[in-house]
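Report on the following structure.
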Amino acid sequence: MALFGCQSGGSVSDALDPAAVAARAQQPGVAAPGPGQATQTLGTGPARIAMLLPLSAPGSVGENGRKMLDAAKLAMTDLGNPLLTLTVEDTRGDATYSQQLAVKAITSGAKVVIGPTELPAAQHVAKLSGSNRPVVLALADNFAGGPGVYAVCLTEADSAAAGAGAIAAKGGKKFVLLVPAGASADIFEKRVANSLSVYGAALAITIPYTSADSAAKAVADMGSLVDAPDAVIVASGDSNPSPILIALKAKGIPGKSTSVVGTNRWLDHPTSPLFEGAYIATLDQHETGPISDRFKATFNYQADVNVAYAYDMVALTAGIASAAGPNGFNRQVFENLNGFRGSTGLFRFRADGSSERSMPFYRIEKGALKLVAKSTPSF
């Protein structure tokens, strides 16, 4: 049983291997829509799928939504047209309206809901109960997931956990986590601790901090509480990590015996000399290779990570429909332990709704990411 988007035969399938995906005739891209984009329907297949995107939202939010729509069109052309009927609704980037559309999609007979991208709407959906609720593949940034509501996008906690695990795999045993204070701090701690436990390592302490002003105190507290950790994991949230790194540098960290592990969110900021020597696990931009050339030829712009996420979710859904039929969607299928391989690399969904990704491990040298270890080929 061959799946384009899924794994089969007990191993991970290359869902987007160019040899496995027959490139078909491409259609020209559409211009950016105006306010109030109408509902669009793609494909004629028996499996009804809903997709919620901020197509008419202003600024970069709407731009990303329209990129995701183009990605969905390419995935439908490649894989989904005879298998899926994909109904795309415009959330307008409004969290309240997005929540209403999500509830409507869940109760309207859709087999899978792809989206929403708005975090409050995804969090609301995750709180809903119901034995007949379809699987939701949420595209919201920084979404932790929930049972049957899977977090698609790479989160900072995922990146921190993978980076810490890579250091632990090389023998590190004692770790410190510096994390922005707030509700997500507990999620970070759990994800990192679970990753370390696989290698017999542990978090010595988690120290939340509230602002740049408290960075020095957090580092001072660390020095008082923990002697010679093997690594310090620095999560930064929306803020620049530099204040924490300045305080660590004053303590001689990173140094011969203590490494610094950063996260993908560091890369949202201009690279600083303070980043030098830190390790980061993040997505491999080269993974989009199987679709990037076709995407650019079709839509006349370069694919990015938003394109990759949307393409992968439509391709995954089409693969399941191909293998198991239009009624073959359930949590057991989506929580396959062997995972799936797509244009964002190897990933799998956990029962709590979080995702786990196999990512390359890098060291920052002279302001650039230098590969230390490739992503693993399987979980």
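The values are calculated or read from the model by the stated rules, or taken from the named source; none is laboratory data. Predicted model, so just to flag it, every value in this text is computed and none were measured. Positions of Cβ are backbone-derived with ideal geometry, glycine not excepted, and every protein chain shown enters the neighbour counts. Side chains are part of the model used for accessible areas, which takes the heavy atoms of the whole protein and leaves out ligands, DNA and RNA. Shrake-Rupley method; radii C 1.70, N 1.55, O 1.52, S 1.80 Å.
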Could you work out the local net charge near Gly148, counting Lys and Arg as +1, Asp and Glu as -1, over the other residues with Cβ closer than 14 Å to its Cβ? +3
Let me check something: with ligands and nucleic acids excluded, how do His124, His286 order by accessible area (1.4 Å probe), largest to smallest? His286, His124
Mean accessible surface per residue for the range 138-177, computed with a 1.4 Å probe while every protein chain stays in place, in Å²: 23
Taking the Cα centroid of the range 338-379 and of the range 160-192, what is the distance between the two, rounded to the nearest whole Å? 16
For the chain, what are the DSSP H helices with axial Cα length of 24 Å or more and mean Kyte-Doolittle hydropathy of at least -1.0? 59-75, 305-324
Relative contact order (%) - criterion: Cα under 8 Å, at least six apart; region: the range 251-379: 26
Relative contact order (percent) for the range 66-187, with alpha-carbon contacts under 8 angstrom and 6 or more residues of separation? 15
Mind giving me the FRET efficiency for Leu225 and Ala38? R0 is 56 Å, r the Cβ-Cβ distance, nearest 0.05 is fine. 0.45
At 0.36 nm per residue, and after removing the present C-alpha to C-alpha distance, how many nm does the segment from Ser211 to Asp268 gain when stretched out fully? 18.8 nm
Which percent of the accessible area of the chain is formed by carbon and sulfur heavy atoms (probe 1.4 angstrom)? 52
I'd like the antiparallel share, as a percent to the nearest 5, of DSSP beta bridges with both residues in the range 121-258. 5
Ser224, Ser211, reordered so the largest accessible area comes first (probe 1.4 Å): Ser224, Ser211
Evaluate the relative contact order of the chain (contact order divided by residue number), counting alpha-carbon pairs under 8 angstrom at least 6 apart; express in whole percent. 21
For the chain, what is the mean residue ellipticity at 222 nm derived from helices alone (per DSSP H run of n ≥ 4: -39500 (n - 2.57); sum divided by total residues; nearest 500 deg cm²/dmol)? -10000 deg cm²/dmol
Treating cross-link reach as a plain straight distance, find the lysines whose alpha-carbon is under 29 Å from the alpha-carbon of Lys249, omitting any fewer than eight places away in the same chain. Lys170, Lys173, Lys174, Lys190, Lys217, Lys366, Lys370, Lys374
Lys127, Lys111, reordered so the largest accessible area comes first (probe 1.4 Å): Lys127, Lys111
Count the DSSP beta bridges whose two residues both fall in the chain, then state the antiparallel fraction as a percent rounded to the nearest 5. 40
Segment Ala183-Ala202, extension gain: residue separation times 0.36 nm, minus the distance between their alpha carbons: 4.7 nm
Between the range 294-321 and the range 200-221, how far is it from one alpha carbon centroid to the other, in angstrom? 39
Between Lys173 and Lys251, the two model label points (7 Å from Cα along the beta-carbon direction) sit apart by a distance in nm of 2.0
Computed for the range 56-179: size of charge dipole around the Cα centre, +1 on C-beta of each Lys and Arg, -1 on C-beta of each Asp and Glu, debye to nearest 20, value 440
